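Inspection log for the structure reproduced underneath, given as structure tokens.
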């Protein structure tokens with residue numbers, strides 16, 4: 001029997017389908033998402049939860065004329081299937097394939113690209129204002145989750161929208177989750193709104209019973225004042241009305257007919273901003289994902305057994321737990337990433353010392369600054385790509401006051417299939433220019449635990465950057481030790497060239513040096529450890545000895561570790577000094593496996609060896625070259 005999905009090539013193809021066909025289509029979409037995500041990895045639970053909502057949106061609005069702006073974009077797999085990308089869907093998150101998020105260059109049905117949360121309302125409001133200025137009449141819809149609604153930027157946009165009174169629609173997709181369960185007073189507020197559905201149904205049933213009794217209609221009418229008071233207690237929908245929005249909901253997010261009716265009603269409010277509150281279940285239709293939406297938020301590709309080495313995040317979490325047991329002044333702050341940052345184990349043991357602020361990276365950093373002023377040691381664990389949202393707070397609230405806040409920067413460098421919105425390509429650059437900041441990156445998981453210990457004892461702003469994925473499998477020392485800040489480590493000694501590597505690039509640099517040795521080229525390899533402060537004396541000594549330096553970093557070359565080394569050498573008077581920098585070029589790194597991307601940018605052993613030989617070709621004629629030294 002042919003699938004209905006095979007007949008849907010664009011949103012217009014949905015218009016003529018019956019309700020039963022739409023329900024079958026929803027099941028087919030879920031099956032397609034499950035099959036592809038199981039193979040490729042990706043955001044599973046979030047995409048499964050919005051299938052009916054996606055169908056209803058495309059039935060009710062005329063995309064791409066009407067603009068549908070998805071917050072974050074990780075839940076748009078059904079949207080991609082319905083907007084002409086069905087044939088390419090098996091390539092999602094693959095190198096050269098479809099993005100796992102919205103992407104303007106992919107389709108006119110993606111009016112705004114996103115991989116970070118809380119941006120949709122601002123973007124949609126901008127589109128609605130542009131529509132009005134151009135005297136056009138299309139609809140603009142922002143679809144935002146309750147987790148993303150915790151971000152301050154979302155409320156800045158709501159405030160402006162209510163003030164302007166601009167006509168557009170906000171669809172609040174409420175599933176009680178960010179990646180971890182949603183937290184905070186706003187989450188409690190949404191829970192009260194969810195109660196409204198139960199209250200409303202109970203009220204209808206009670207009215208039917210009471211009005212059939214003798215004097216029933218009169219009794220029901222006399223009770224109106226009591227009903228209104230009760231409703232006011234449990235239905236805080238007036239919040240949205242005070243912001244200037246028409247409120248519709250809550251709506252069953254898995255009932256296509258009910259969703260369409262709500263969207264028709266929202267379209268009728270053409271002179272005011274409108275919020276449609278939709279209740280969905282994350283992971284809908286796949287029992288394991290429904291029962292454990294956290295684990296099934298993002299799933300890895302099916303590649304057989306997992307590696308045996310612990311991840312950097314896991315080592316970080318265990319180290320923080322160990323130190324927290326010893327020092328009651330240590331607290332941790334996370335931004336909706338309890339499990340991803342490895343700090344769930346700390347939260348389980350010390351729930352009053354771990355603070356999940358939701359998707360509020362700016363608040364997380366300044367909250368930490370406040371704690372630091374009172375003698376606590378706050379560790380703020382945030383992915384690299386999200387920490388850049390808090391740059392002003394790092395500068396103004398932490399470093400300007402020289403407060404001992406530790407920034408634990410997970411997913412530094414190339415992260416892989418999540419693509420250009422998530423690559424941690426800029427942290428060494430945007431942190432190293434800030435006065436008072438220490439910026440460190442470990443060569444392996446063992447050094448990570450020692451750097452965490454060092455950061456706790458440093459009593460100054462300290463950024464610790466480490467990669468996504470499993471460690472190298474090195475043994476972990478039983479005793480933690482403090483590492484000297486600003487001092488590198490010489491791992492191999494050679495007279496021909498010096499390779500200065502930092503973080504995840506140390507291991508391939510060491511391997512490349514061994515391959516070069518087989519060609520008669522002896523390289524010194526340095527584990528720099530610190531992008532700031534640099535080990536100036538070591539770098540200058542090596543520059544004088546070899547006159548040939550190579551810097552290697554998994555970070556943008558602009559403003560990164562190599563740039564800092566060049567800045568140091570600029571004031572030196574070393575003659576005939578040559579420097580080759582290896583890192584990420586001035587472009588956004590696309591999606592793809594970490595190994596493939598590292599090879600593409602010459603950040604693996606082969607690439608480092610190749611770049612050295614190309615930059616210093618005279619080294620290939622080693623005996624002749626020696627006379628020049």
Practice task
Determine, yes or no, whether residue 583 is buried (at least 20 other Cβ atoms within 10 Å of the Cβ) and free of Cβ contacts under 8 Å to residues at least 40 places away in the same chain.
Solution key: yes
Fill in the blank from the handout: Within the range 33-58, restricting to residues that are over 19 Å from residue 172 (Cβ atoms) and touching a helix residue (DSSP H, G or I) at 6+ places or on another chain (Cβ under 6 Å), the one that is surrounded by the most Cβ atoms within 10 Å (Cβ to Cβ) is 44
Practice task
Examine the range 61-83 for a residue that is on the phi > 0 side of the Ramachandran plot and in contact with a helix residue (DSSP H, G or I) (Cβ under 8 Å, 6 or more places away or on another chain), and state whether such a residue exists.
Solution key: yes
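Going residue by residue through the range 400-415, is there one that turns out to be in contact with a strand residue (DSSP E or B) (Cβ under 7 Å, 6 or more places away or on another chain), more than 23 Å from residue 508 (Cα to Cα) and part of a helix (DSSP H, G or I)?
No, the range 400-415 contains no residue that is in contact with a strand residue (DSSP E or B) (Cβ under 7 Å, 6 or more places away or on another chain), more than 23 Å from residue 508 (Cα to Cα) and part of a helix (DSSP H, G or I).
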Handout entry: Condition check for residue 81: part of a helix (DSSP H, G or I) and surrounded by 16 or more Cβ atoms within 10 Å (Cβ to Cβ)
Key = yes
Fill in the blank from the handout: Only one of 501, 507, 543 is under 25 Å from residue 559 (Cβ atoms) and over 32 Å from the mean Cα position of the chain (by Cα), namely 543
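Residue-by-condition table, conditions (1) in contact with a helix residue (DSSP H, G or I) (Cβ under 6 Å, 6 or more places away or on another chain); (2) part of a helix (DSSP H, G or I):
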| position | (1), (2) |
| --- | --- |
| 573 | no, no |
| 576 | no, no |
| 581 | yes, no |
| 587 | no, no |
| 590 | no, no |
| 598 | no, yes |
| 610 | no, yes |
Exercise for the section: Can you tell me which residue among 253, 249 is within 19 Å of residue 143 (Cβ to Cβ), modelled with pLDDT under 85, surrounded by 12 or more Cβ atoms within 10 Å (Cβ to Cβ) and assigned by TED's automatic domain parsing to the domain that holds residue 142? Expected result: 249
Completion exercise
Note on the range 539-561: residues surrounded by fewer than 19 Cβ atoms within 10 Å (Cβ to Cβ) and either without any contact (Cβ under 8 Å) to a residue 12 or more places away in the chain or assigned to a helix (DSSP H, G or I) (or both) are 540, 541, 544, 545
Completion exercise
When the range 164-178 is checked residue by residue, the ones that are in contact with a strand residue (DSSP E or B) (Cβ under 6 Å, 6 or more places away or on another chain) and not in a loop (DSSP other than H, G, I, E, B) are 169, 170, 171, 172, 173, 174
Practice task
From 566, 619, grab the single residue that is in contact with a strand residue (DSSP E or B) (Cβ under 8 Å, 6 or more places away or on another chain) and at pLDDT below 95.
Solution key: 619
Fill in the blank from the handout: Taking the range 100-124 and keeping residues in contact (Cβ under 8 Å) with a residue 60 or more places away in the chain and surrounded by fewer than 24 Cβ atoms within 10 Å (Cβ to Cβ) leaves 109, 113, 114, 115, 116
Exercise for the section: Specify which of the listed residues (117, 161) is in the same structural domain as residue 50 (by TED's automatic domain parsing), touching a strand residue (DSSP E or B) at 6+ places or on another chain (Cβ under 9 Å) and assigned to a helix (DSSP H, G or I). Expected result: 161
Practice task
Being more than 19 Å from residue 438 (Cβ to Cβ) and buried (at least 24 other Cβ atoms within 10 Å of the Cβ) is the filter; apply it to the range 384-414 and report the residue that is nearest to the chain's Cα centre (by Cα).
Solution key: 411
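The values are calculated or read from the model by the stated rules, or taken from the named source; none is laboratory data. Note that this is a predicted model, so its numbers are computed, not measured. Glycine also receives a Cβ, built like all others from the backbone with ideal geometry; neighbour counts cover every protein chain displayed.
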